[in-house]
Amino acid sequence: MALIDDIESYCGPPFPAGTAKYFGKGICVAPFETREEFNFTFPKGKGTDLWFSFVSHLEKKGYKVQKVNEMLEISPVDQSYYTLTQRQKEEMEGRIKQGLASVASAVSDYELLAHDVRKYKELLKIIKTNDEHSLRAMFIDEVDISTGPNAIKSIVVRWPTIIADFMTLGEKMPAEENVDKIKDELKISRAEAVILSTKQRLYNNWKEIFIPEVENRFRRLVAQMNSRKKSIEEYKSWLKPLIARHRLYKEGLSASNIIKETLTTPYHSPAQAISTNTTSIVAWQPFVGVEPRAGSLSINDLIKSGINPYDKFTKEKLIFNREKGLAKEHPWIMNNIEFVEEKIREITNPKNEWMKENRLYYVFLQITCDRVVMKSPNGFELEDITFHTKNWLVSQNVLLVLLLELKIMQEEFNREINQLLGITNEDEIKSEEEIDKIIEGWKKESKKEKTNKFKELKEKFLNIKTRFSKIFESLGLDTAFSRLGPYEHNFNDRFTNMYLPPLAVDFYRPHVVSYLLKEAGVGK
């Protein structure tokens, strides 16, 4: 999580002068003695036991633990391990390809049905809106034309206005079939009136058959389309866990930075049977200081404390900031504020227990485990495992941003799977009941509302405000005219004496250092 380093540059120790100028508005401090490496070499299997027992130990001590990343790289020289993992991966790839082929076939059928639905939807709109002109044009072009020499289009040479007269008849006398009445109304010859009367009778008979058939056909097509859509969703739901499982088999050499490092890493040797596994986790739990920081007396509904973690500073500097905030690595959140606020409500929900009520500070632990399994030519196997630890004390708003990044990573993982499967959020016709709603919507269509000028002026004002805030920030005036913040801001006296010592004595030393050394047998 590179984000925490950017946050530390904002909310870390306020030294040297001019750095971490927002300390007090947020807190993100990692003492130097908590940045350590623990390297142990065991017989094969014991290092793995130590890792999983350590994760379980953290949970028993009250930490919430989440995995951030994991990579695996196996040398082909280790045939048994390499063949096992590769075979599992290739089997999943084969099943995924077969499933995607089935999805593609179902999607092709669905698109054909959707095309027919769109055509019948247009016909249904013509019928339900009583568009007599379009219906008569359709009758002339597609039905009457099949009568050959007797078609209206074929006798235009004799009566040039017969098509216009047939359309006018639909406007003035759509159901009239009496020759004399047609002749008098349109002021035409009797011969033409006889032809129009015949065509009128044919048109009305066709209309009685055509309209119910269109409605029934439309409903059948919608039912078939929804059935095919449901089968596509089922195919995708079957494939989704398989693709997710395949994605977890993340090879180390798939990352560009790892490819560069393999050139100088001593463990990556094509002549030796070596496998490497890197796992990163984060863990956190509430930190109770010696005394609570005086803050607002009003209780915040979001987290039931006197200070709102989702405040203006958190929004502008830590989340929606393209330079050092979440938007730096995840720019799509700038256009998805509702998603961000929804995830914040999930994080701060007491039922999820990710954040505690009335807790302003938290211990945040980041651990990366590098595991190397080596098999010598004589068959001896050993396991070298390295723990990279770093422990922060963070304020609740900083923790909120870090946990929000986890939620965003989960969403991006889900989106990658959905993109591979072609899942979209397009709204489709769901049921027969919606057909009636669509028809009612056509009947009640109204003009679009005019653009709200007030909204445009408000957006322009916000843009100007943002520009001025950037100018103030570059000159250092944003902190000069602002208060110190809702969290502890006396670093030299209070913070170093009342907060940092308990972080090491009560959390880091017993929960990390002592446990790892004891379980590894160091000093025995």
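The values are calculated or read from the model by the stated rules, or taken from the named source; none is laboratory data. Every value quoted in this text rests on a predicted model; they were computed, and no experiment measured them. Cβ: placed from backbone, ideal geometry, glycine included. Neighbour counts: every protein chain shown.
The requirement of being in a helix (DSSP H, G or I), aromatic (Phe, Trp, Tyr) and either at pLDDT below 85 or surrounded by 12 or more Cβ atoms within 10 Å (Cβ to Cβ) (or both) is satisfied by Trp238.
Of all the residues in region 348-375, those that are in contact (Cβ under 8 Å) with a residue 60 or more places away in the chain, more than 20 Å from Asn69 (Cα to Cα) and not in a strand (DSSP E or B) number 4.
Listed by first and then second residue, the pairs linking a residue in region 198-212 that is assigned to a helix (DSSP H, G or I) to a residue that is among the basic types (Lys, Arg), with Cβ atoms under 9 Å apart and 6 or more places separating them unless they lie on different chains, are Tyr203/Arg136.
Among the residues of region 160-219, those identified as within 57 Å of the chain's Cα centre (by Cα) and among the charged types (D, E, K, R) are Glu171, Lys172, Lys207, Glu208, Glu213, Glu215, Arg217, Arg219. Would a scan of region 164-172 turn up a residue that is surrounded by fewer than 15 Cβ atoms within 10 Å (Cβ to Cβ) and closer than 30 Å to Leu113 by Cα? No, the conditions are met nowhere in region 164-172.
Determine if region 201-211 includes at least one residue that is in the same structural domain as Pro486 (by TED's automatic domain parsing), modelled with pLDDT of 80 or more, over 30 Å from Ser376 (Cα atoms) and exposed (fewer than 14 other Cβ atoms within 10 Å of the Cβ). Walk me through how you get there before you give the answer.
The first filter runs over region 201-211 and keeps only residues in the same structural domain as Pro486 (by TED's automatic domain parsing), leaving none.
No - not one qualifying residue is present in region 201-211.
Take the conditions (1) in contact (Cβ under 8 Å) with a residue 24 or more places away in the chain; (2) more than 22 Å from Lys119 (Cα to Cα); Arg217 misses just one of them, which is (2). Reported count of residues in region 105-154, each being in a helix (DSSP H, G or I), closer than 18 Å to Lys199 by Cα and aliphatic (A, V, I, L, M), is 7. Considering only region 63-72, I want to know if a residue exists there that is over 26 Å from the mean Cα position of the chain (by Cα), at pLDDT 90 or above and surrounded by 12 or more Cβ atoms within 10 Å (Cβ to Cβ). Within region 63-72, one or more residues are over 26 Å from the mean Cα position of the chain (by Cα), at pLDDT 90 or above and surrounded by 12 or more Cβ atoms within 10 Å (Cβ to Cβ). Of everything in region 388-404, what is buried (at least 21 other Cβ atoms within 10 Å of the Cβ) and not polar (S, T, N, Q)? Give them in sequence order. Selection gives Trp392, Leu393, Val394, Val398, Leu399, Leu400, Val401, Leu402, Leu403, Leu404. Only one entry of Lys317, Lys328, Lys390 meets the criterion of being in a helix (DSSP H, G or I), of a type outside the set (A, V, I, L, M, F, W, C) and within 30 Å of Leu72 (Cβ to Cβ), and that entry is Lys328. Scan (1) part of a helix (DSSP H, G or I); (2) modelled with pLDDT of 70 or more for the single condition Pro309 breaks and write down its number. Condition (1) is where Pro309 drops out.
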